[in-house]
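We did not get these values from a lab; they are worked out from the coordinates using the rules stated. Being a predicted model, the structure only gives us computed values, none of them experimental. Cβ coordinates were reconstructed from backbone atoms using ideal geometry, including for glycine residues, and neighbour counts include every protein chain displayed.
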Amino acid sequence: MTFNDVVELIKSLSTDEKQEIQLLLKQYIREERREEISEHFKLSQIEQQKGELKFSSNINNLKNLIEE
């Protein structure tokens, strides 16, 4: 099934069914984002333990760190 097939199928649903799909998609996206944030947090903890994280309160230093 292609993306276009899915879109066409959704178009044929009732308004209530479309709203239910919308709610489900929002929930799925929220869950995926939480998982992504959690994974980044775990990776950051590992980097911190290895001493690889760099911190600064100086804006110019922060810009340089971003560019690295």
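Overview of results
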{"quantity": "Check on Ser44, closer than 21 Å to Ile66 by Cα and out of contact with any Gly (no Cβ under 6 Å at 6 or more places or on another chain)", "calculated": "yes"}
{"quantity": "Residue within the range 55-62 that is in a helix (DSSP H, G or I) and in contact with a Ser or Thr (Cβ under 9 Å, 6 or more places away or on another chain) present", "calculated": "yes"}
{"quantity": "Selection count, the range 43-54, where residues are in a helix (DSSP H, G or I) and loosely packed, with under 10 Cβ neighbours inside 10 Å", "calculated": "1"}
{"quantity": "Selected residue [more than 30 Å from Val6 (Cα to Cα), assigned to a helix (DSSP H, G or I) and of a type in the set (A, V, I, L, M, F, W, C)] from Ile37, Ile66", "calculated": "Ile66"}
